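All of the numbers you see were taken from the coordinates with simple rules; none came from a lab. This structure is a prediction, so every number in the text was calculated from the model and none was measured. Every residue, glycine among them, receives a Cβ derived from its backbone with ideal geometry; neighbour counts consider all protein chains shown.
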Amino acid sequence: MTQVVFDFKDLITHCLHDEEIRFTNAINSEIDSKAFISELFQNLKLTCQEAELEELFQQEHFHLIRNTHTKKKIEKLIDDPYFELTNLCQIPLTQEFRLYGNLKKVKHTPLYLFKALVLDPNHLIYHHGNRLNQLKNLTCLFSKTNCLEAKKLGLNKKKKR
């Protein structure tokens, strides 16, 4: 039996809004936060339980990332040329939310360490279309204010100068 242990110290917890990459980690403000948090912790609990790694990979949307387009997109979001992306893995947190990070075996133990890197609440890492423009009323999970609105205000101030 193996067990997955999470490390969140490298998780990006600032607003990620990038038109070029077509990604944001902000969520629709109409999402029920209680339901989201409940589902999030239930899924983390399931992932942390002792199980065979093969069983975890049989869960829907739980897999190692093989797609080079997806890997490059995550590399751009991390924006650190020295950060080594090995065994990049996707873990489903809810029906839409995904967590991406490195999955690594801890030597001489039955443990696997999942170093969380990017939270994708809108399923935009895999999406190749123009879905970013369809997202409305977004608010950042990592900020008290609506980060997109704050960004627009900053852009307006620059234009007025």
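Can residue 31 be described as in a loop (DSSP other than H, G, I, E, B) and in contact with a helix residue (DSSP H, G or I) (Cβ under 8 Å, 6 or more places away or on another chain)?
Judged against the criteria, residue 31 is not a match.
Would you be able to say whether some residue in segment 40-57 is within 19 Å of residue 104 (Cβ to Cβ) and among the aromatic types (Phe, Trp, Tyr)?
yes
So which residues in segment 44-84 are more than 23 Å from residue 23 (Cβ to Cβ) and among the basic types (Lys, Arg)?
Passing the criteria: only 45.
If only one of 56, 16, 40 is in contact (Cβ under 8 Å) with a residue 12 or more places away in the chain and out of contact with any helix residue (DSSP H, G or I) (no Cβ under 9 Å at 6 or more places or on another chain), which one is it?
40
Take segment 4-61 and flag every residue that is polar (S, T, N, Q) and surrounded by fewer than 16 Cβ atoms within 10 Å (Cβ to Cβ).
Passing the criteria: 13, 28, 29, 33, 38, 42, 49, 58, 59.
Limited to segment 96-108, what total is found for residues that are assigned to a loop (DSSP other than H, G, I, E, B) and free of Cβ contacts under 8 Å to residues at least 24 places away in the same chain?
Summing the residues that are assigned to a loop (DSSP other than H, G, I, E, B) and free of Cβ contacts under 8 Å to residues at least 24 places away in the same chain in segment 96-108 gives 2.
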